[in-house]
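Enquirer: Encoded as structure tokens, here's the structure I'll be asking about.
The values are calculated or read from the model by the stated rules, or taken from the named source; none is laboratory data. Everything quoted here is computed from the prediction, not taken from an experiment. Here the Cβ is made from the backbone with ideal geometry for all residues, glycine too, and neighbour counts use every protein chain on show. Note: accessible area is taken over every heavy atom of the protein model, side chains too, but ligands, DNA and RNA are not part of it. Shrake-Rupley method; radii C 1.70, N 1.55, O 1.52, S 1.80 Å.
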Amino acid sequence: MEEYSLRNLKNNLQVVSVGKYGIRQRNEIYSKVLSDDLSKNKVIFQNTLTIGMGTKQIDFGILSKNAKYCVSPAYRTYKIKNINSEYLKYYLEIINTQLSKKYMIISARQGTTIDNKSFLKHQLVVHPILKQNYIVNVINIIQKYLTISDDILETHKDLKKYLLKHIFI
């Protein structure tokens with residue numbers, strides 16, 4: 001990965017936040033506009049890893065879709081290379097607790113937010129790219145199935161509510 005810092009100089013990109021649930025549009029989280037001037041914000045685009053500090057964990061966000069947004073200049077931004085960005089997202093979701101404990105506890109003892117030097121040198125053991133792609137495809141199929149199952153469950157709940165309402169009238 002390679003760190004970069006491209007600014008939103010045209011002030012034309014929608015702002016997003018990075019947190020426990022990844023990258024989310026700021027207007028989904030906050031109801032008020034925090035600033036009209038987003039020109040100092042960093043630009044993120046497809047295959048970007050964004051790292052920020054949460055209160056209890058390191059916040060990772062990976063933009064794997066083809067889009068452009070901007071984030072606070074407090075985040076660190078990296079171009080993802082030689083790894084499937086969705087695979088990396090799933091991987092970091094799983095190991096985030098261990099990474100956060102390791103690098104945030106050390107940092108707290110040193111009076112800093114995170115031990116960046118050690119954190120950025122942390123070695124990840126990953127599958128070869130073909131297996132990464134396969135794993136991502138399987139996880140995405142499972143996720144689609146779960147989404148469909150949730151939709152079916154909600155439909156059945158609505159049907160039950162409707163039937164109960166009309167049966168006892």
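Enquirer: What is the gain in length, in nm to one decimal, between GLU28 and LYS81 on full extension, counting 0.36 nm per residue of separation less the C-alpha to C-alpha distance?
Expert: My answer for the length gained is 16.1 nm.
Enquirer: Output the peptides 123-129, 36-42, 71-77 sorted from most to least packed, where packing is the average of other Cβ atoms within 10 Å over each peptide's residues.
Expert: So the order, starting with the most tightly packed, is 71-77, 36-42, 123-129.
Enquirer: Rounded if a/c is under 1.5, else prolate if a/b is larger than b/c, else oblate: which is the stretch 1-60, with a ≥ b ≥ c the root eigenvalues of its Cα gyration tensor?
Expert: Oblate, since a/c reaches 1.5 and b/c is not below a/b.
Enquirer: Once Cα extents along the principal axes in Å is worked out from the coordinates, which option in (i) 51, 39, 28; (ii) 67, 43, 35; (iii) 45, 36, 25 does it equal?
Expert: (ii)
Enquirer: Under 1.5 on a/c is rounded, so check that first for the stretch 29-103, then, if it is not, pick prolate when a/b is larger than b/c and oblate when it is not; a ≥ b ≥ c are the square roots of the alpha carbon gyration tensor eigenvalues.
Expert: Oblate.
Enquirer: Pick from LEU92, LEU13, LEU159: which is most flexible by mean-square fluctuation in a GNM of the chain where alpha carbon atoms under 10 Å apart are linked?
Expert: Highest fluctuation among the options: LEU159.
Enquirer: Kindly provide the helix-only [θ] at 222 nm of the chain, computed as the sum of -39,500 (n - 2.57) over DSSP H runs of four or more divided by all residues, to the nearest 500 deg cm²/dmol?
Expert: Helices in the chain give a 222 nm mean residue ellipticity of -15000 deg cm²/dmol.
Enquirer: Let me ask something else about it. Could you give the length gained on full extension between SER35 and LYS101, defined as 0.36 nm per residue of separation minus the Cα-Cα distance, in nm?
Expert: Between SER35 and LYS101, full extension yields an extra 20.5 nm.
Enquirer: Same structure again: Give me the extension gain from LYS121 to ILE152: residue separation times 0.36 nm, minus the current Cα-Cα distance, reported in nm with one decimal.
Expert: So the chain would gain 6.7 nm between LYS121 and ILE152.
Enquirer: Among LYS20/LYS79; LYS68/LYS101; LYS89/LYS160; LYS20/LYS161, which pairs are too far apart, with a Cα-Cα distance over 27 Å?
Expert: Correct reply: LYS68/LYS101; LYS89/LYS160; LYS20/LYS161.
Enquirer: Quick one: how many Å² of SER5 are accessible to a 1.4 Å probe, rounded to 10?
Expert: 70
Enquirer: Then there's this: How high is the relative contact order of the chain, in percent, with contacts defined as C-alpha pairs under 8 Å that are six or more residues apart?
Expert: Reported as a whole number, the value is 19 percent.
Enquirer: Sticking with this one: How far apart, in nm, are the 7 Å Cα→Cβ label points at GLU2 and GLN14?
Expert: 2.9
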